[in-house]
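What follows is one structure encoded as structure tokens, with my remarks underneath.
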Amino acid sequence: MTAKFMTAGLVLFLAVACTTTPPRTEPAATTAGGSSVCAEPQGNPPPETPTTIDVVGQAYFCILANYYGRATLDARALLIAGFAAFTRELNRGGRDLPEATMPALTGDRHADWAAFEAAYRRVASRLPDDAGLQGKLAAATLQAIVAGLGDDHARWTHGVKRPPDYYDGDQYGLGLRANVGPQVRADPGTALPPLFITGVLGGPAKDAGLRPGDVIESINGSAPFVDGEVTPAAVAALYPQYPEARAVRLQILRQKTGRRRTVTLKPGLYQPDPATLQVVTTKLLRDGIAYVRLSGFAPDVADRVFRAISRLGSGRTLTGLVLDLRGNGGGSPGEAIRLLSGFAHGKVTAYQCAADGACDPMRTDDSVALLGLPLVVLTDRGCASACEHFSSAVKDLRLGRLVGTRTAGAVSGPAQPYLLGDNSTLTFPSTHHLAPSREVIDRVGVAPDHYVPLTPQDAAAGRDPALDEALNLLHK
């Protein structure tokens, strides 16, 4: 499972944003005429070529053949979204034409594509024979079709570039995290005021002397919240991705002193604190309580957690475990299951359901030794995908208690990759995730058993009220 957010820089984004299940062995999808539509990647693909309307067609039919919701999907909505993006791109370049009119659609998926393609080609033929221009138009169209699915695990990956001076471990951006993450555009209803810094990773934010708890009152002159409603475009400016290089101007309030100041941060490469790159971090808390922070469900991470707990328990008796999943953007569902298997055997941790309604249970691995420790899991809006698989199972199966805030609600299903004709990658789920009690948590999230939000005052003082509540629960 994957999530496409909750990171502050290029490296972490690439690490967690597009985690997929292992490729299945099955034939590539085909159109009615029998030509190949999309295929699963085999090794590293060749360099990308310009996107064309043929590639858009590949993506369209690939979705219709493999997406879990294909049986009930109204393909007309995808085509309308694609054509709207096509015309917006024409208008943006000052090239709008009278022929750029959406054709009538009937609901016949193949006939509607033929009409769409004919209208698209008619307009494109009136434009300059410029591969860059034509590729830009096709890319906008394809991107909108994929976005039209409204699925947090569906994306089209193309044109990914690294800064020229990138070195392993570098991150790109402003070097900060805030209590509202980059997912705000997709789910603005989850954002609550005020906007404040929760972490300084390095780079421009560190150089400017910003600190956790600093309240961001404006971004490039725009208020992040107006009458309690978030301004998504303003907040999104906090999370630039390469090659975005526009400087970001912030008005900052340090509540402890009442001082206001304006800082200008220019996105760039920076070396983060090495501790922020660790997937598993541990410490021993008072009275023999183990604390493990897990930033993502990377390969082999469950065994790394088990080894870390074993080391913490060496020479002493552990009395409980706090598993901190705040900001955990997801990763391998297999690792989530394996970690859950340390707390229960003989259980279904989730279901993966096909388009026809048939659901396959995902069961614990009962070869994993049980830990036998009371468990509290810390969650927040940064806990997405495989993290939500884990959290929902803890709650439904009563393996422990959740403390913090609701999770992201970004767990539609494991993303499967498909290679398109321009050597770009299309990913989307072929099955849909249900929690152990068969409830949908995608777009809903998992509610904590104990709601404990972080405040700017807590962040500024270095307090962790969720962790304090976890310790109180374990001591009881």
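One table, with the values for the structure above:
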| read-out | value |
| --- | --- |
| Column: log10 I(q)/I(0), Debye, Cα scatterers of segment 304-453, q = 0.11, 0.13, 0.18 Å⁻¹ | -0.44, -0.60, -1.05 |
| Chymotrypsin sites (Phe, Trp or Tyr not before Pro) restricted to DSSP loop in segment 249-318 with at most 10 other C-beta within 10 Å | none |
| Separation in nanometres of the label points that stand 7 Å from Cα toward Cβ, at Gln457 and Leu133 | 6.0 nm |
| Qualifying trypsin sites (Lys or Arg not before Pro) for segment 137-226 [loop in DSSP, other Cβ within 10 Å: at most 12] | Lys161 |
| Net charge contributed by nearby residues that have their C-beta within less than 12 Å of Ala191 (K/R +1, D/E -1) | 0 |
| Ala233 versus Ala447: modelled label distance in nm, points set 7 Å from Cα along the beta carbon direction | 3.5 nm |
| Whole-percent carbon and sulfur share, accessible surface of the chain, 1.4 Å | 50 percent |
| Helix-only [θ]222 nm of the chain, DSSP H runs n ≥ 4, -39500 (n - 2.57) each, per residue, nearest 500 | -8000 deg cm²/dmol |
| Cα shape, segment 61-160, gyration tensor, a/c 1.5 rule | oblate |
| Solvent-accessible area per residue, Å², over segment 416-475 with all protein chains present [probe radius 1.4 Å] | 39 Å² |
| Estimated FRET transfer efficiency (Ala355, Arg307; beta-carbon r; R0 35 Å; 0.05) | 0.30 |
| Sequence-separation-based contact order of the chain, relative, with Cα cut under 8 Å and 6+ spacing, percent | 18 percent |
| Mean-position separation - Cα centroids, segment 419-476 and segment 313-390, in angstrom | 12 Å |
| Per residue accessible area of segment 43-166, 1.4 Å probe, in Å² | 49 Å² |
| Count of lysine pairs in the chain with Cα separation under 22 Å (8 or more residues apart, or interchain) | 8 |
| Segment 53-134: GluC sites (Glu not before Pro) falling in loop per DSSP and having at most 13 other Cβ within 10 Å | Glu99 |
| Segment 98-108 - phi-based ³J(HN,Hα) in whole Hz, Karplus 6.51/-1.76/1.60, Gly and Pro as x | x, 6, 7, 10, 5, x, 5, 10, 10, x, 7 |
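The values are calculated or read from the model by the stated rules, or taken from the named source; none is laboratory data. Fair warning: this is a prediction, and the values are worked out from it, not measured in the lab. Every residue, glycine among them, receives a Cβ derived from its backbone with ideal geometry; neighbour counts consider all protein chains shown. Just the protein is used for accessible areas: all its heavy atoms, side chains included, with ligands, DNA and RNA removed. Shrake-Rupley method; radii C 1.70, N 1.55, O 1.52, S 1.80 Å.
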